[in-house]
Amino acid sequence: MSQTETQDEQDIGEYLESGKPRPWYKRRWVWIVGALVLLLILISTVFSGGEQGPSYITAEVEEQSLDLTVTATGNLRPTNQVEVGSEVSGRIDDVLVDVNDVVTRGQVLARINTDVIQDQITQGRASLNAARAAVLQAQATLQADTAQLERLREVRRLSDGRVPSQAELEQAEAAVRRGQAAVASARANVSSAQAQLSSAQTNSDRAVIRSPVAGVVLARQVEPGQTVAASFNTPTLFVLAESLSVMQLRVSIDEADVGQVEPGQEGTFTVDAYPGRRFPATVERVDLASNNIALSQQQQQQGQQVVSYEARLIVGNDEGLLRPGMTATATIATSNTGVAMLVPNGALRFDPDEEEEAGGMFGDPNFGLDTEEEASIGVGSRQTVYVVDDDGSLRSIEVVTGRSDGRQTVVTSDELEPGMEVVTGVRAGGA
């Protein structure tokens, strides 16, 4: 019988005699298990080689073409948006179209009550007839005065100037001139009456609101029974888009990027309504004037002087998916570097002396995208990148930087080659 079995029998005997178990710290198997655990920990520490060095995040050096782009945000608009208003005042009798209706050029959109205008037309016609009658009366008077003047001249000729007197002859001549002036005045009154009548008829025609273009109704801002007043400002009744098959995208280009954007450049844009889908566009023009020209002096004094320039891009919309007013983020391809060696911007800024951790297993997603840091790199500057040797140590390599898209930078170097792994950061915890 072994010693362990004898001890167990003793424990059982003591338990039967006393009725109480032995304390745990007096049991042999507890100490045996503890010793084994300590031995395993010691072996693990010895074979792990002690503390390990830092674990680096690396990225492969690529050799490919770098497309340089400019990103800007703006809104979609129709190529020709027309606000249809009213030049006459009155009550709206009929509204014949609604939002999204397709209209043709000259189609009736609404009608304004013309009761007052019809009264003006009637009054104008009466005034015109009266003016024409006055012309006839003035012409008749002129004819009578002219005939009287001719008789007096004939009598004076036959009497060798004795009769009538010179004063009578001058009075007759004056009467003829007054008659001629009366005829001219009456004819002028006819023209005035015709103009007044024409204005009333024009207002009657303008009371019928027609579409100036063929397109679609974007907005309707009037209801039947509503009164419009066109005293000082022309009220807007409808907003029409001439065509939505081709649209404009107007974006604000930052002053730092405006020198790279030119008409004819291709680009793409996204809208929130269709995430993940990119629509093509072409730059039509870039405005010469900046946005701060339109700012008031008060706004400029308050510091609202962010300078940007509006660029217009032509967008095809044959599918009808895009709508006016949508917010879009455009990416304009400005130039191409050709096939070159590229490294991540994070590798150009990595400095092992700073002992900065990347902030996670995959590193900080924003690492290397700081605009100020990107500007400090510069084209033609000498920078240092690091690669990990076989023994785990870092080796520095000098490179000359070229153009950058904000994430990757073109570099040239005698030592660095495509396919090599450059260090961009240190994993959190060094593991």
Separation in nanometres of the label points that stand 7 Å from Cα toward Cβ, at V307 and S191: 5.6 nm
Mind checking the per residue accessible area of region 115-177 for me, 1.4 Å probe, whole number of Å²? 68 Å²
Cβ-derived FRET efficiency at R0 60 Å, Q107 paired with S413, nearest 0.05: 0.30
Rounded to one decimal in nm, the spacing of the 7 Å Cα→Cβ label points at D405 and A147 is 10.0 nm
Suppose R0 equals 60 Å; then what is the FRET efficiency for Q201 and Y274 from their Cβ-Cβ distance, rounded to the nearest 0.05? 0.70
When only Cα pairs under 8 Å and 6 or more residues apart are kept, what is the percent relative contact order across region 47-140? 19 percent
Using alpha carbons only, how many angstrom separate the centre of region 166-212 from the centre of region 221-294? 50 Å
Averaged over every viewing direction, what's the projected area of the C-alpha convex hull for region 71-186? Give it in nm², one decimal, please. 16.4 nm²
FRET efficiency for I314 and Q139, using Cβ-Cβ distance with R0 set to 51 Å, rounded to 0.05: 0.20
Once you charge only the Cβ atoms, +1 for Lys and Arg and -1 for Asp and Glu, what is the size of the charge dipole of region 224-297 about its Cα centre, to the nearest 20 debye? 320 debye
Rounded to one decimal in nm, the spacing of the 7 Å Cα→Cβ label points at I43 and E60 is 4.0 nm
Surface per residue (accessible, 1.4 Å probe) for region 180-233, Å²: 56 Å²
Order of 208-215, 383-390 by packing, highest average Cβ count within 10 Å first? 208-215, 383-390
If packing is taken as the average number of other Cβ atoms within 10 Å across a peptide's residues, how do 274-282, 339-347 rank, most packed first? 339-347, 274-282
So what's the net charge close to R250: Lys and Arg +1, Asp and Glu -1, counting the other residues with Cβ under 12 Å from its Cβ? 0
The alpha-carbon pair-distance distribution computed for region 110-172, with 10 angstrom bins and whole-percent values, is 19, 23, 17, 14, 12, 9, 5, 1
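The values are calculated or read from the model by the stated rules, or taken from the named source; none is laboratory data. Values in this document were obtained by computation on a predicted structure and should not be read as measured data. Virtual Cβ from ideal backbone geometry, glycine too; neighbours counted across all protein chains shown. Please note that ligands, DNA and RNA were not included when accessible areas were found on the heavy atoms of the full protein model with its side chains. Shrake-Rupley method; radii C 1.70, N 1.55, O 1.52, S 1.80 Å.
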